[in-house]
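Structure, as structure tokens:
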Amino acid sequence: MPTIGVALAIPEPWASQLQDYRTGIGDTTATMIPTHITLVPPTEVAHEDLVEIEKHLAEVAADFGRFGVHLRGTGTFRPVSPVVFVTVAEGISSCEQLAGAVRRGPLAVEIAFPYHPHVTIAHHLADDLLDRAFEELADFECHFEVHDFHLYVHDEQAGWQPTREFRLAAT
């Protein structure tokens, strides 16, 4: 059974900048994870359900308009989870609405924690490294427009690979 995820890709140059930071601080998992905002977390699905899932995602994209995102500063899920992230300062409600729409029908999955859009920059590292990431990227800031989202499939060798892009309706 494939493991899939659905996410908003962070555009360049920020995607590489944040991924390079993440690997540079010692988060080796980052080399296999494109920089993103999660909509659907890793989920196992049956191969035969992929066509229905793609149809559902295309329908959601056709009904959802483009929106702006402003990433600014850092946050953390500690002590609940050892994660430091760049915060979504603008576009939170659009991310929440899109994630809610995507997580219906064939992707009606239970999530372990309440949905909180963010961009992970350090995960499962020692506390001093998590503190360092929190401090060093506190001034990070970028703006971009979301035009699409992607379906990703996890490959054991290559990591998370985008397999299909879903363009949002123009507004």
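The values are calculated or read from the model by the stated rules, or taken from the named source; none is laboratory data. Being a predicted model, the structure only gives us computed values, none of them experimental. Note that we place each Cβ from the backbone using ideal geometry, even for glycine, and neighbour counts take in every protein chain shown.
Is at least one residue of region 67-77 more than 29 Å from GLY24 (Cβ to Cβ), surrounded by 16 or more Cβ atoms within 10 Å (Cβ to Cβ), touching a residue at least 12 places away in the same chain (Cβ under 8 Å) and in contact with a Cys (Cβ under 9 Å, 6 or more places away or on another chain)? Within region 67-77, one or more residues are more than 29 Å from GLY24 (Cβ to Cβ), surrounded by 16 or more Cβ atoms within 10 Å (Cβ to Cβ), touching a residue at least 12 places away in the same chain (Cβ under 8 Å) and in contact with a Cys (Cβ under 9 Å, 6 or more places away or on another chain). For region 16-31, the candidate set comprises residues that are in contact with a Leu (Cβ under 9 Å, 6 or more places away or on another chain) and either in a helix (DSSP H, G or I) or of a type in the set (S, T, N, Q) (or both); within that set, the residue that is surrounded by the fewest Cβ atoms within 10 Å (Cβ to Cβ) is TYR21. Can you say whether GLU135 is under 17 Å from LEU18 (Cβ atoms) and not small (Gly, Ala, Ser), as far as the supplied structure shows? For GLU135, the condition - under 17 Å from LEU18 (Cβ atoms) and not small (Gly, Ala, Ser) - is met.
Residues satisfying the criterion are absent from region 130-148 (criterion: touching a strand residue (DSSP E or B) at 6+ places or on another chain (Cβ under 9 Å), at pLDDT below 95, over 26 Å from ARG66 (Cα atoms) and not aliphatic (A, V, I, L, M)). Taken over region 32-52, the criterion of being in contact with a strand residue (DSSP E or B) (Cβ under 7 Å, 6 or more places away or on another chain) and in a helix (DSSP H, G or I) is satisfied by MET32 alone. Considering region 83-171, the qualifying strands (runs of 3 or more DSSP E), each wholly inside and each with 2 or more residues that are among the aromatic types (Phe, Trp, Tyr), run over 148-155, 159-167. Pairs are defined by a Cβ separation below 9 Å, a sequence spacing of at least 6 or placement on different chains, a first member in region 79-95 that is of a type in the set (D, E, K, R), and a second member that is surrounded by fewer than 16 Cβ atoms within 10 Å (Cβ to Cβ); the pairs so defined are GLU90/GLY68; GLU90/HIS70; GLU90/ARG72; GLU90/HIS143. Among the criteria (1) assigned to a helix (DSSP H, G or I); (2) in contact (Cβ under 8 Å) with a residue 24 or more places away in the chain; (3) more than 16 Å from the chain's Cα centre (by Cα), the one GLU59 does not fulfil is (2). Note on region 18-42: residues that are on the phi > 0 side of the Ramachandran plot and free of Cβ contacts under 8 Å to residues at least 40 places away in the same chain amount to 0.
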